[in-house]
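Inspection log for the structure reproduced underneath, given as structure tokens.
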Ligand code: NAD
């Protein structure tokens, strides 16, 4: 593998499992120093041991809750102090809670918004403050979802949060483009990770889900990490404010696959 990210310093939130874990391995294989975050440090130790050594320096564990302001500020600070800088911030931590919308509790709704929206804003704020104070370029990547665009009944908080992410990315991209700070999102479709255990571990539900995807299969974490790596690299140097859908065609109105006329 080419060391596209040699000497790059990358913070990845929500890296203890799923897409974040795969992204950490992916960026480390390409030479980066990665700071891996989750709420508990012990959840990250096995991953730290599996990360290929960076081209220079060491990787870091930066534990903290991305829905808590002091934790976010500390995590970003520990990353910058530990690495002596920050090149790419990847806001990946996210969660969802299922509930019919008429029964949704404010506590659950707020919990989803706190991680998926407020967490992204807080992380971005801390990184932007550092880059601006030091007159440096930077790159922010947010893990959104096809539910930025496709409604998800029973997941009102999740749909609302990912819709907000699309606008946060566009707003920040416009505000900071002049400083060489790019802000983009990836929007995964149905990816095999623990967040989707409910259907990936049940053969019938798996089949039913796969049938609704134009490419007839869920995606793999690797396919999201590849898109993240593109947006984090110089290969996308003129791209900002965009959401790259990585979804096997899920957002293409699959019902129109057949000719309806
Ligand atoms: P996952 O549940 O497997 O992993 C989520 C990660 O976020 C975990 O490491 C968890 O510890 C961490 N996390 C959650 N709350 C946190 C908090 N408050 N502070 C710090 N870390 C926290 O999920 P995943 O599928 O890997 O999802 C990662 C991102 O991708 C999420 O933003 C999710 O919305 C998005 N996404 C996933 C899919 C999919 O099909 N898997 C599809 C679209 C979008």
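For segment 24-179, what is the relative contact order in percent, using Cα pairs closer than 8 Å and at least 6 residues apart in sequence?
On the way: 215 pairs, mean separation 31.9, N = 156.
Worked out over segment 24-179, it gives 20 percent.
Expected output is a single nm value to one decimal: the length gained when fully extending between residue 121 and residue 69, i.e. 0.36 nm times separation in residues minus the C-alpha distance. What is it?
Numbers: separation 52, 0.36 × 52 = 18.72 nm, distance 0.99 nm.
Taking residue 121 through residue 69 to full extension adds about 17.7 nm, to one decimal.
Evaluate E = 1/(1 + (r/R0)^6) for residue 42 and residue 178, where r is the Cβ-Cβ distance and R0 equals 30 Å; express this FRET efficiency to the nearest 0.05. Numbers along the way, then the final one.
Numbers: r = 42 Å, r/R0 = 1.41.
E(calc), rounded to 0.05, equals 0.10.
Can you tell me what percent of all Cα-Cα pairs in segment 9-249 are more than 29 Å apart?
Working: 7001 of 28920 pairs.
It works out to 24 percent of all Cα pairs.
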Taking Cα atoms, the helix 18-29 axis meets the longest principal axis of the chain at an angle in degrees (rounded to 10) of 40
Measuring from the longest principal axis of the C-alpha atoms of the chain, the long axis of helix 119-133 (C-alpha) lies at a number of degrees, nearest 10, equal to 30
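Full-extension gain between residue 210 and residue 254, please, as 0.36 nm times their residue separation minus the C-alpha to C-alpha distance.
14.7 nm
May I ask you to order 111-124, 47-60 by the average number of other C-beta atoms within 10 Å around their residues, highest value first? Intermediate results must be reported in sequence, preceding the final value.
Details: 111-124: 21.6, 47-60: 15.6.
Per-residue Cβ counts within 10 Å, averaged per peptide and sorted highest first, yield 111-124, 47-60.
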Rounded to the nearest 10 degrees, the helix 156-176 long axis (Cα) sits at an angle to the longest Cα principal axis of the chain of 40
Subtracting the Cα-Cα distance of residue 102 and residue 154 from 0.36 nm times their residue separation yields 17.8 nm
Each label sits 7 Å from Cα toward the beta-carbon; between residue 56 and residue 134 the label points are separated, in nm, by 1.3
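Values quoted throughout were computed directly from the atomic coordinates according to the rules given, and no laboratory measurement underlies them. Just so it is clear, the model here is predicted, and its values are computed rather than measured. Backbone-built Cβ (ideal geometry, glycine too); neighbour counts: all protein chains shown.
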